[in-house]
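What follows is a single structure, written as structure tokens, with notes after it.
Quick note: the coordinates plus some simple rules give every number you see, no bench work behind them. No experiment lies behind these values; they were computed from the predicted model shown. Because the Cβ atoms are built from the backbone with ideal geometry, glycine has one as well, and the counts that use them run over all protein chains shown.
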Amino acid sequence: MRNAGAVVTYSTGSDGHVNFFFANALSIDLIQSHPDVILIDATYRTNRFNMPLLHLPSVTAFNTTFSNAFCFLSAEDEGMYDLAV
């Protein structure tokens, strides 16, 4: 779902956990303009729900960074990363 300010999606896994993905609309415009470098970084169990937070930053042609999107993952497996990215 995309509104004027953000894109938000979520899904529920077979284990009942919810995967929550959100991105700022400006970040989506930036990644469409600068798709060459996308990084993936995750923090592990640093929130009260013990869910990994996936961070997708990128680099522009001007060598500046910006955040594309964030996604809380219900598990730390390849399937969850594929779903998020």
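Summary of values
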item: Label-point separation in nm, E78 to S33, each point 7 Å along Cα→Cβ; result: 3.6 nm
item: Cα-based Rg of the stretch 6-84 normalised by 2.2 N^0.38 Å, two decimals; result: 1.15
item: Ranked S27, S33, S67, criterion: other C-beta atoms within 10 Å, fewest first; result: S33, S67, S27
item: Relative packing of peptides 68-81, 48-61 - highest average C-beta neighbours within 10 Å first; result: 68-81, 48-61
item: Residues T43 and V7, FRET efficiency given R0 of 22 Å [Cβ-Cβ distance, rounded to 0.05]; result: 0.55
item: Computed lengthening from F62 to N50, 0.36 nm per intervening residue step minus Cα-Cα distance; result: 0.7 nm
item: Sequence-separation-based contact order of the stretch 6-84, relative, with Cα cut under 8 Å and 6+ spacing, percent; result: 28 percent
